[in-house]
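First the structure, in the form of structure tokens, and then the observations on it.
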Amino acid sequence: MSRDNTEALIQKLLRKKKDRFEALAWLKGSHAQSQRNLSEWTNAQSVEMVQQLYGCGAAEVLAVRFDRNPPYESINTLIVALPADSVKRFAVFEWANEQIEKQGFDPEEDYGQPYLYIWFD
């Protein structure tokens, strides 16, 4: 996907009020009637992944694009608000690109964008 298309998609998803939540809070809200996860990971693994992103310096991690099959809910897409600090940005991109490359996709480059779109297959 081109830079312009990615940026347009991110802006479209950010404008949605429904099905857009802070990822960690959403995952921690998991319970028997609403079992929440990121992609194929367990809830605990999903929480850990989002905590890792925050640990790298992400300013905010948003969960978008939900799949629901009650009692299961999952997300496959994260939008990460990137920090201004160059060391933290590098750490966020390094973490994200490791995940992206594990899935066989090309790594993302930092061109000064405010958000990073991470999709899990």
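Values quoted throughout were computed directly from the atomic coordinates according to the rules given, and no laboratory measurement underlies them. These figures come from a predicted structure and were not determined experimentally. In this analysis, Cβ positions are derived from the backbone assuming ideal geometry, glycine residues included, and neighbour counts consider all displayed protein chains.
Tabulated data for the structure shown
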| read-out | value |
| --- | --- |
| Mean separation of Cα contacts under 8 Å, 6 or more apart, over the residue count of the chain: relative contact order % | 24 |
| The stretch 29-80: antiparallel DSSP beta bridges as a percent of all, rounded to 5 | 70 |
| J(HN,Hα) series, the stretch 8-15, from Karplus relation 6.51 cos²θ - 1.76 cosθ + 1.60, nearest Hz, glycine and proline x | 5, 5, 4, 4, 4, 5, 5, 6 |
| Under the Karplus curve 6.51 cos²θ - 1.76 cosθ + 1.60, θ = phi - 60°, whole-Hz ³J(HN,Hα) for the stretch 58-65, x wherever Gly or Pro sits | 4, 6, 7, 10, 9, 8, 9, 6 |
| Identified option (computed Rg and Dmax of the Cα atoms in Å; candidates (i) 12.6, 35; (ii) 22.0, 82; (iii) 13.9, 42) | (iii) |
| FRET efficiency for residue 8 and residue 84, using Cβ-Cβ distance with R0 set to 25 Å, rounded to 0.05 | 0.65 |
| Local electrostatic count, residue 119, Cβ distance below 14 Å [Lys/Arg +1, Asp/Glu -1] | -4 |
| Local electrostatic count at residue 81 - Lys and Arg +1, Asp and Glu -1, tallied over other residues with Cβ under 13 Å | 0 |
| Label-to-label distance, nm, for residues given as residue 35 and residue 121 (7 Å Cα→Cβ offset) | 2.6 |
| Distance between the stretch 17-33 and the stretch 39-97 - C-alpha centres, whole angstrom | 12 |
| Computed FRET value (nearest 0.05) for residue 15 with residue 51, which takes r as the C-beta separation and R₀ as 25 Å | 0.40 |
| CD proxy at 222 nm, helix term only [per DSSP H run n ≥ 4: -39500 (n - 2.57); per residue of the chain; nearest 500] | -13000 deg cm²/dmol |
| All aspartates and glutamates inside 19 Å of residue 18 as judged from Cα atoms, apart from same-chain residues fewer than 8 positions distant | 60, 67, 73 |
| The stretch 3-119, dipole about Cα centre (Lys/Arg Cβ +1, Asp/Glu Cβ -1), debye to the nearest 20 | 680 |
| Set of aspartates and glutamates near residue 102 by C-alpha distance (under 12 Å), chain-local residues within fewer than 8 positions excluded | 121 |
